[in-house]
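Written out below as structure tokens is the structure these notes cover.
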Amino acid sequence: MRVKRYVSNTLPQAMEQIKVELGEDAIILHTKKIKVGGFLGFFGKEKVEVIAAVDQKSEKSLPKNSTSSRQIENVNKIKGSQTVHSSNDSDPNQPSTQSDTIIQEVKDIKKLMVQLMMNQQSNGVDSNYSDEVKEVYQRLIKQGVEEELAGTIISEVIQNIGENYQKKHVYEVTIQKIIEKLRKNGTNKEIQSQTKLIHVVGPTGVGKTTTIAKLAAESVLKHHKKIAFITADTYRIAAVDQLRTYAEILNTPIEVVFSPQDTIKALEKLKDYDLIFMDTAGRNYHNEMYISELNHLLSTNFKSETYLVLSLTHKYEDMLSILERFKNVKIDKLLFTKFDETITYGAIVNIVSKFPYQVSYLTIGQNVPDDIEIFDEEKIAKAILGGVIGDKQ
Ligand SMILES: Nc1nc2c(ncn2[C@@H]2O[C@H](COP(=O)(O)OP(=O)(O)O)[C@@H](O)[C@H]2O)c(=O)[nH]1
Ligand SMILES: [Mg+2]
């Protein structure tokens with residue numbers, strides 16, 4: 001691979017130079033406006049810096065499509081993002097025939113082009129996209145949608161709207177594309193009617209106990225189920241008391257357990273109840289032994305669902321580390337809390353795109369039992385584009 005830096009007066013001039021020197025296959029890794037000359041940064045002449053690269057070997061000996069997939073990998077490496085899969089990956093979702101592969105790679109390149117164009121835009125270099133498209137892209141980034149995913153969404157929007165579109169159309173199609181990213185097919189959001197145990201996990205303070213109270217109240221009041229509680233959060237007396245208070249209000253039994261063996265006994269005792277909610281502490285999951293015993297218990301005896309609770313007030317990076325921390329627990333669904341306490345929702349789209357889990361519910365305040373609803377993709381998509389749409393209508 002040959003990488004070269006060009007400094008020119010204009011971007012087209014640099015492109016022309018690159019084409020002559022590196023050939024048609026050269027790819028642009030980076031563009032930036034810079035000041036050249038002057039004194040202490042003042043009075044410099046504005047120029048464009050372009051870093052371009054070309055894979056020399058592949059130019060001659062390899063077929064075109066493998067050149068392009070490596071180029072995509074290289075661009076992604078430079079950008080520090082994930083590698084786009086090449087056709088050789090054993091992913092079953094990858095296209096099988098060569099023409100499918102080429103189509104896929106062209107799509108990938110288009111996606112990267114959009115990202116690069118958008119990045120050029122943020123570096124102050126003109127891009128060809130309309131103001132609405134740029135505005136929507138910037139909004140996605142501001143909302144915390146990862147750059148690569150925002151680029152994908154925008155490239156899908158552009159493909160969908162064609163050339164002669166109206167402003168409003170861009171927002172409508174973007175909402176549809178976000179909804180598609182948030183939707184998981186084949187899984188149910190709500191607690192399933194055959195489910196006997198709801199196991200709620202997550203770090204301290206995200207709202208697990210409050211959410212259990214909300215779900216439990218709904219099961220009693222709306223679905224007329226006979227419910228019971230188990231709590232494994234024995235690290236703070238207040239935590240047990242908190243669930244005990246809800247148990248008293250709902251007139252349901254509560255068992256306190258200290259180990260998976262205790263849980264087996266508690267479940268035996270509560271076996272005649274329709275639905276059991278099990279509360280836990282984040283600290284329970286620091287113990288490998290505890291996790292494997294619990295996984296075994298939950299997968300063998302009866303139908304259970306494990307919900308990982310994430311708070312939208314957490315930073316996205318923290319949410320990723322929580323998902324990593326709980327990766328050994330067999331998670332069935334995610335549940336996001338504290339929607340009412342944030343104004344950025346991009347993390348939801350990132351997480352749903354990255355992980356296979358269905359999002360079940362969204363909690364929207366501290367009130368038990370009212371402040372909970374079934375996860376609604378459209379609500380999140382509209383919240384993400386909220387400001388943009390509001391301004392434009
Ligand atoms: N604003 C807001 N607060 C919430 C929500 N869900 C829970 N909380 C609050 O978050 C705090 C911690 O909740 P708790 O259920 O004890 O968390 P746990 O440690 O995960 O069990 C409490 O003050 C709850 O009232 C929500 O959706 N919105
Ligand atoms: Mg709790």
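Just a few scattered comments:
- Translational D in µm²/s for the stretch 240-393 (Stokes-Einstein at 25 °C, 0.890 mPa s, Kirkwood Rh from C-alpha pairs): 139 µm²/s
- Close amide-amide hydrogen proximity is noted between His199 and Met278, Glu305, Thr306, Tyr307, each under 5 Å apart and 5 or more residues distant or on a separate chain (H modeled in the peptide plane; Pro and chain starts excluded).
- For the stretch 353-359, 3J(HN,Hα) computed residue by residue from phi via the Karplus equation (6.51, -1.76, 1.60; θ = phi - 60°) reads 6, 8, 10, x, 7, 6, 8 Hz, glycine and proline entered as x.
- Nitroxide proxy distance, nm - points 7 Å out along Cα→Cβ at Arg283 and Lys222: 3.4 nm
- For the stretch 297-393, chymotrypsin sites (Phe, Trp or Tyr not before Pro) meeting the loop criterion (DSSP other than H, G, I, E, B) and having at most 16 other Cβ atoms within 10 Å: Phe302.
- Neighbour net charge for Ser259 - beta-carbon separation under 12 angstrom, K R +1, D E -1: -1
- Label separation (Asn9 vs Gln176): 4.6 nm, computed from points 7 Å beyond Cα along the C-beta direction.
- Computed over the alpha carbons of the stretch 172-270, Rg followed by Dmax gives 16.8, 53 Å.
- Projected label distance in nm at Lys167 and Gln192, using a 7 Å step from Cα toward the beta-carbon: 4.8 nm
Throughout, read-outs are computed from the coordinates displayed, never taken from laboratory work. Keep in mind the model is a prediction, meaning the values are calculated, not measured. With ideal geometry, Cβ positions are generated from the backbone for all residues, glycine too; neighbour counts draw on all protein chains shown.
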